[in-house]
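Structure record follows, encoded as structure tokens.
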Amino acid sequence: MTTAPLDMPRPAAPHAMTQAEPGRLPSLVGLTRAGLGEALLAAGVPEREIRMRVGQLWHWIYFRGATSFEAMTNVGKGLRATLATRYSLARPEVVTEQVSVDGTRKWLMRMPSTGPHDRGAEIEAVYIPESDRGTLCVSSQVGCTLTCTFCHTGTQKLVRNLSAAEIVAQLIVARDRLGDWPGGVRPTDGLVPDAERAVSNIVFMGMGEPLYNFENVRDATEVLSDGEGLSLSRRRITLSTSGVVPMIERAGDEIGSMLAISLHAVRDELRNELVPLNKKYPIADLLDACRNYPGLSNARRITFEYVMLKGVNDSLAEARELVRLLKGIPAKINLIPFNPWPGTRYECSDWDQIEAFSEVVFRAGYASPVRTPRGRDILAACGQLKSETEKLRARARLMLESGIGAEGFFMGASDD
Ligand code: SF4
């Protein structure tokens, strides 16, 4: 992974620019300011104009959501034509869009191929509308190296990190589909709130461990939070980690978003099983890193996520231990009813138990919202994401095991 500082010239694709598939021009969508500057330089724009031109492109791409250079009326015709011969403003392909009865939307996106051995990574992003906000859950990796046992994504092996541009492009696609640009038209199904902004918050809770793709997540956050473009304040961007302890302080310093921790257990023995990364970074070390998270205050609390697994981690003794462990950390506790997925060994805790657990946490002074399961009918809920390719493979495996031919299911699958 590249580690070029933000203000330095950065290497070319794939980190700076989504590579073009044969016959396709590279897209400028998702690039950082530095990346756009490089693209303009390569197109022959004089160095003295770069800053101004980057500002123009930035406005059109990230504020207006332009899909063609033609629309960029304050950019000279000649430059527009030059750019159109070298670059595109293409978005990742939307392979499927599923809309839940509760308005949750899940998009399976295919990223352009990055080379002859990559048929295009598939990732999922989920939009969750609520009365006071609209949250987009983005992926940071294709698959995941960690194997949290309650998580569907964890059963899909890591294919690769997403580039910063590919992370940003997930928001661009969401804004396109939701009519969330100035003058945009909302979908006609009435399931997108008529708020000024359909997407007001971003959570890195999709596929992957964001702190294992640090530089790209950092650069993407830079683009997402830029006040002259997509303009999502860092306080509305939450990075959720399973506990990569050595990266937590750096995340606070360099990314500066809100932090969420996938905790899910209060004893190392159990957490080792649920979140195997715990064997490397046990609970005490993780909580120390949280106490030292830069910028932590009552106004900037850390969210601790706790998935409710029946008979596994949901006793009231564990609720009390949770409260004891978090003492002194400005925290919110998010209780997440487990969302079952095919083949899982866990069940969701009974509702009475979730309420009793929540009561212990609440009495200790923590807001403990129980996250309403969203998008269950389209497998879009927490921990249920898994790309279609993988699902097809699982189905194919089942069919093979049951003696039914499955070749058809493998056709068109990417090289993951
Ligand atoms: S919970 Fe997050 S870190 Fe764990 S396997 Fe799932 S995607 Fe990976």
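Taken together, the values in this text are just the output of simple stated rules run on the coordinates, not laboratory data. None of the values given here were measured: they were computed from a predicted structure. No Cβ is skipped: glycine too gets one built from the backbone with ideal geometry, and neighbour counts run over all protein chains shown.
When VAL199, VAL275 are sorted by how many other C-beta atoms sit within 10 angstrom of their C-beta, beginning with the fewest, the order is VAL199, VAL275.
Is the C-alpha gyration tensor of region 224-372 telling us rounded, prolate or oblate? Criteria: a/c under 1.5 is rounded; beyond that, a/b larger than b/c is prolate, otherwise oblate. Here region 224-372 falls in the prolate category. Take the convex hull of the alpha carbons in region 182-238; its mean projected area over all directions comes to 5.1 nm². Exposure proxy for PHE357, PHE69, PHE362: other Cβ atoms within 10 Å of each Cβ, ordered fewest to most, give PHE362, PHE69, PHE357.
Packing order of peptides 26-36, 245-255, highest average first: 26-36, 245-255 (average count of other Cβ atoms within 10 Å over each peptide's residues). Apply the a/c threshold of 1.5 to the C-alpha gyration tensor of region 29-111 and tell me whether it is rounded, prolate or oblate. Prolate shape, in that a/c is at least 1.5 and a/b is the bigger ratio. Shape of region 93-385 from the C-alpha gyration tensor: rounded (a/c under 1.5, with a ≥ b ≥ c the square roots of its eigenvalues). In summary, the aspartates and glutamates within cross-link reach of LYS332, defined as a Cα separation below 20 angstrom excluding same-chain residues under 8 places away, comprise GLU130, ASP132, GLU249, ASP285, ASP288, GLU305, ASP314, GLU318, GLU321, GLU355, GLU359. The loop-placed GluC sites (Glu not before Pro) in region 89-164, going by DSSP, that have at most 16 neighbouring Cβ atoms within 10 Å of their Cβ come out as GLU130. Secondary structure note: in region 93-385, about 50% of the DSSP beta bridges are antiparallel.
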